[in-house]
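Here, each number is a calculation from the coordinates, and none is a lab measurement. Treat the numbers as computed from the prediction; the structure is a model and nothing was measured. Cβ atoms come from the backbone with ideal geometry, glycine included; neighbour counts cover every protein chain shown.
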């Protein structure tokens, strides 16, 4: 609960800072993107670039996590196959058993 409240507070603070940054940077310049040309304030342009970078990073991280999850699934499947081959699936681990006495120790 506290974590959600803190996350909401931080998000609200970031939105307020972004609005303040955009309001204080009102210099206009032209942006030419392929077939479009438009004017935008420098603050808004920087915020858009930041948001685009944030989204690109999130997508890259999501792809990486998806690859890790797929690898984990492959490893679990390989473990199940190996356990089935050995016949150890569902078998409880053995208890520590004392080694059998050697014939030399019986002679004493």
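Quick notes
- Shape summary: segment 21-67 maps onto an equivalent ellipsoid whose semi-axes, from the alpha-carbon gyration tensor, are 29, 15, 4 Å in decreasing order.
- Legend: ranking of residues 15, 33, 40 from fewest to most surrounding C-beta atoms inside 10 Å; resulting order 33, 15, 40.
- The stretch between residue 65 and residue 37 holds 6.3 nm of extra length on full extension. This uses 0.36 nm per residue minus the Cα-Cα distance.
- Estimated FRET transfer efficiency (residue 11, residue 77; beta-carbon r; R0 30 Å; 0.05): 0.15
- Percentage relative contact order, segment 2-87, counting C-alpha pairs under 8 Å, at least six apart: 17 percent
- Calculated log₁₀ intensity ratio I(q)/I(0) where the Debye formula runs over C-alpha points of segment 2-87, q = 0.13, 0.21, 0.23, 0.24 Å⁻¹: -0.70, -1.05, -1.09, -1.12
- Residue exposure proxy: 35, 50, ordered by other Cβ atoms within 10 angstrom of their Cβ from fewest to most, comes out as 35, 50.
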